[in-house]
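A quick write-up on the structure given underneath.
None of the figures in this text is laboratory data; all of them are computed from the coordinates on show. Just so it is clear, the structure is predicted and the values come from calculations on it, not from any experiment.
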Amino acid sequence: MDDDATIRHINTHVLALSGYHVDAAEDGAAAWDTLQHANYDLLITDNNMPKVSGVELLHKLHAAHMALPVILATGMPPMAELTQYPWLQPAALLIKPFSCRELLGTVKNILRQTVP
């Protein structure tokens with residue numbers, strides 16, 4: 001298992017243990033395919049993914065008029081793209097490395113603001 005898969009597995013496990021229903025995708029293209037066939041309350045995405053990046057997912061969500069809050073996890077925030085396209089602002093940025101506590105707190109705050 002590579003580092004990205006390990007981190008994805010740990011984050012998925014932490015969220016599931018906290019009572020969240022979680023689906024995981026191995027890359028951005030798989031995530032986009034899944035997003036088109038199911039309804040979600042929140043998307044947590046890495047920016048640096050194979051096939052489709054986190055910023056590209058934000059573009060696709062915007063183009064498809066999908067109002068889904070996004071937490072963008074990244075070691076280096078894509079500030080140029082986010083500044084150039086202000087409508088792509090994620091609901092939150094999680095700067096790597098982040099703790100399980102930060103992940104859970106961010107998820108809880110975003111869902112509290114967006115889910116009735």
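How big is D, in µm² s⁻¹, for the chain by Stokes-Einstein at 20 °C and 1.002 mPa s if Rh is the Kirkwood radius over C-alpha pairs?
Numbers: Rh = 14.5 Å.
For the chosen part, D equals 148 µm²/s.
Which whole-number percent is the relative contact order of segment 14-116 (Cα, under 8 Å, 6+ apart)?
Working: 111 pairs, mean separation 24.3, N = 103.
Computed over segment 14-116, the figure is 24 percent.
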